[in-house]
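Here the structure comes first, spelled out in structure tokens, and everything after it is commentary.
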Amino acid sequence: MTRSGRDKAREFRLAVVTAPFHDEAGKPSLARFIQTLGPLSKEIFVITGDLPCWDNERIHIIQLKTDLKPGTLLTRIFKFVLTEIITSWHLIRISRSVEIVIFFIGTGPYLLSTLCAKSLGKRVILWATGRFSKSARQKYSRGVEIMAKIIERIRYAIADRIAVESPGASHFLGLERYRQKIESGPRYVPVTVFSFKDSLESRKNSVGYVGRLVEGKGVIEFIDAMPLIMEETHGTRFLVCGGGTLLDGVQQKLASYGLSDRVTVTGWVSHEQVPDYLDQLKLLVLPSATEGLPSIIQEAMACGTPVLATPVGAVPDLISDGETGFILDDNSPQCIAQNVIRALDCANLAEVARNARNLVEERYNYAAIVESYRKLLDGVDLRR
């Protein structure tokens, strides 16, 4: 990212906060986000964990040194509180250099540091990419879910702006009461990297999941659907690409079904390898229980790979059933199987793929997203 071609309009001094990364999945999204903010900023301080230094004198990476190994709920709470304290300390330390604090990936429970930013007189933008309270309900107890909802409401109430990746995400996340604060904040797709290389007609019947192997993503339901799909199709092969806490469970379930020789399980792959895997697929399945706007859907569409997904978050803003992809009614194995078969049998599947590619090119190119972010930042009142 260089200074050449940068707009001479208003430039901002920003801090971007993310949770420390437990895996590699969030790093490309953060890097892309920083790149998009570059033309709009004087300086960017990034408070995160395990991100390489940035080769730009205006971008400062502040590494959070935290232990990311899993443990008991009590241990996780202690580690989280420690991370919040350290994050708040860094916000205090850089306070004079920052006007706006943006809370990005994994910061749903970051109440202390959000309050810290506000107490320092900074404007706060929350990037709403998912429902922290919903994931808390799936992972922990009802009590944790209630506490998560309280934290969400306080953070949304005190934020200056809430960025959502599309109008549909705002509705799904239950943010209608904050409509006056909501602005569009989608992520751009590098369409030269994620490109339409092989025509859909030349691809074999390969159906896959690409993403983190964690609760809430529907990967186990996808595996449970595989035997049902194979009853109705011949020669279909499957791909499960990604790493996470469910990797061992995925492999064990495949073995129990006797499908190990029909399913390729890659484990974690680098983001640079993802286009190659997407280019092998005739259909990508993402049966998540909750999402914002999954980058993998945009990337698959850019590669000309049709997507079958649940209508959660911003997914319906990208996928119109039978036109730019396919929609699941729910993520039960039976529903997944029926719709995989429906999509593979679709007579105009190649047209669906072309429509999806065109949508990504028009709506999520770099210039369009930079202008979207400029509008968001310009709307934040910096007067004291």
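Which of the residues belonging to segment 206-250 are of a type outside the set (A, V, I, L, M, F, W, C) and over 25 Å from K27 (Cβ atoms)?
Just the residues of segment 206-250 that are of a type outside the set (A, V, I, L, M, F, W, C), to begin with: 206, 208-209, 211-212, 215-218, 221, 224, 227, 231-237, 242-245, 248-249.
Within segment 206-250, S206, E221, D224, P227, E231, E232, T233, H234, G235, T236, R237 qualify.
So which residues in segment 156-169 are surrounded by fewer than 21 Cβ atoms within 10 Å (Cβ to Cβ), part of a helix (DSSP H, G or I) and modelled with pLDDT under 90, if there are any at all?
P167, G168
Report whether or not E215 is over 27 Å from N358 (Cα atoms), outside any helix (DSSP H, G or I) and at pLDDT below 95.
Taking the combined requirement at face value, the residue satisfies it.
Could we say that F172 is more than 30 Å from Y366 (Cβ to Cβ), out of contact with any Leu (no Cβ under 7 Å at 6 or more places or on another chain) and not acidic (D, E) here?
No.
Which of the following residues is in the same structural domain as Q35 (by TED's automatic domain parsing), farther than 30 Å from N365 by Cα and either touching a Lys or Arg at 6+ places or on another chain (Cβ under 7 Å) or of a type in the set (D, E) (or both): I223, I158, I162, I151? Walk me through it before giving the result.
Working: I223 fails: in the same structural domain as Q35 (by TED's automatic domain parsing); I162 fails: farther than 30 Å from N365 by Cα; I151 fails: either touching a Lys or Arg at 6+ places or on another chain (Cβ under 7 Å) or of a type in the set (D, E) (or both).
Of the residues listed, the single one that is in the same structural domain as Q35 (by TED's automatic domain parsing), farther than 30 Å from N365 by Cα and either touching a Lys or Arg at 6+ places or on another chain (Cβ under 7 Å) or of a type in the set (D, E) (or both) is I158.
Identify all residues within segment 178-202 that are in a helix (DSSP H, G or I) and either assigned by TED's automatic domain parsing to the domain that holds Y277 or at pLDDT below 90 (or both); write none if there are none. Break it down stepwise before answering.
In the first step, residues of segment 178-202 are kept if they are in a helix (DSSP H, G or I); the result is 178-181, 200-202.
Listed by number, the residues that qualify are R179, L200, E201, S202.
What helices (runs of 4 or more DSSP H) lie completely within segment 53-155 and have 1 or more residues being modelled with pLDDT of 85 or more and not hydroxyl-bearing (S, T, Y)?
Hits in segment 53-155: 73-93, 111-119.
So G304 clears everything in (1) part of a loop (DSSP other than H, G, I, E, B); (2) touching a residue at least 60 places away in the same chain (Cβ under 8 Å); (3) over 19 Å from S195 (Cβ atoms); (4) touching a Leu at 6+ places or on another chain (Cβ under 9 Å) except one condition, right? Which one?
(3)
Of the residues L73, L115, L64, only one is touching a residue at least 40 places away in the same chain (Cβ under 8 Å) and either closer than 24 Å to S29 by Cα or under 23 Å from the mean Cα position of the chain (by Cα) (or both); which?
Details: L73 fails: either closer than 24 Å to S29 by Cα or under 23 Å from the mean Cα position of the chain (by Cα) (or both); L115 fails: either closer than 24 Å to S29 by Cα or under 23 Å from the mean Cα position of the chain (by Cα) (or both).
Selected residue: L64, the only one of L73, L115, L64 that is touching a residue at least 40 places away in the same chain (Cβ under 8 Å) and either closer than 24 Å to S29 by Cα or under 23 Å from the mean Cα position of the chain (by Cα) (or both).
Looking at (1) out of contact with any Ser or Thr (no Cβ under 7 Å at 6 or more places or on another chain); (2) closer than 30 Å to E371 by Cβ, which is the one condition that is false for Y188?
Answer for Y188: the failing condition is (1).
Just give me the residues in segment 229-247 being part of a loop (DSSP other than H, G, I, E, B), out of contact with any Phe, Trp or Tyr (no Cβ under 7 Å at 6 or more places or on another chain) and touching a residue at least 12 places away in the same chain (Cβ under 8 Å), in sequence order. Please lay out each step first, then the result.
Within segment 229-247, the subset part of a loop (DSSP other than H, G, I, E, B) is 233-236, 242-246.
In the following step, the residues that additionally are out of contact with any Phe, Trp or Tyr (no Cβ under 7 Å at 6 or more places or on another chain) were identified as 233-236, 244-246.
Passing the criteria: T233, G235, T236, G244, T245, L246.
Kindly indicate whether I296 is within 19 Å of the chain's Cα centre (by Cα), in a helix (DSSP H, G or I) and either touching a residue at least 60 places away in the same chain (Cβ under 8 Å) or more than 25 Å from T192 (Cα to Cα) (or both).
yes
Out of A337, A343, A350, A356, report the one residue that is touching a residue at least 12 places away in the same chain (Cβ under 8 Å), in the same structural domain as F222 (by TED's automatic domain parsing), in a helix (DSSP H, G or I) and under 19 Å from the mean Cα position of the chain (by Cα). Before you say what the answer is, go through the steps one by one.
Values: A337 fails: under 19 Å from the mean Cα position of the chain (by Cα); A343 fails: under 19 Å from the mean Cα position of the chain (by Cα); A350 fails: under 19 Å from the mean Cα position of the chain (by Cα).
Result: A356 is the single residue among A337, A343, A350, A356 that is touching a residue at least 12 places away in the same chain (Cβ under 8 Å), in the same structural domain as F222 (by TED's automatic domain parsing), in a helix (DSSP H, G or I) and under 19 Å from the mean Cα position of the chain (by Cα).
Please indicate, with yes or no, whether at least one residue in segment 163-181 is in contact (Cβ under 8 Å) with a residue 60 or more places away in the chain and in contact with a Pro (Cβ under 6 Å, 6 or more places away or on another chain).
yes
Of all residues being part of a loop (DSSP other than H, G, I, E, B) and either under 17 Å from the mean Cα position of the chain (by Cα) or basic (K, R) (or both) in segment 307-334, which is surrounded by the fewest Cβ atoms within 10 Å (Cβ to Cβ)? Just the residue, please.
P311
Inside segment 244-266, can you point out the residues that are among the aliphatic types (A, V, I, L, M) and over 17 Å from V207 (Cα atoms)? Break it down into steps so the answer makes sense when it comes.
To start, the set of residues in segment 244-266 that are among the aliphatic types (A, V, I, L, M) comprises 246-247, 250, 254-255, 259, 263, 265.
Within segment 244-266, L246, L247, A255 meet the criteria.
The values are calculated or read from the model by the stated rules, or taken from the named source; none is laboratory data. The structure displayed is predicted, hence computed values, not measured ones. Positions of Cβ are generated from backbone atoms using ideal geometry, with glycine treated the same way; all protein chains shown enter the neighbour counts.
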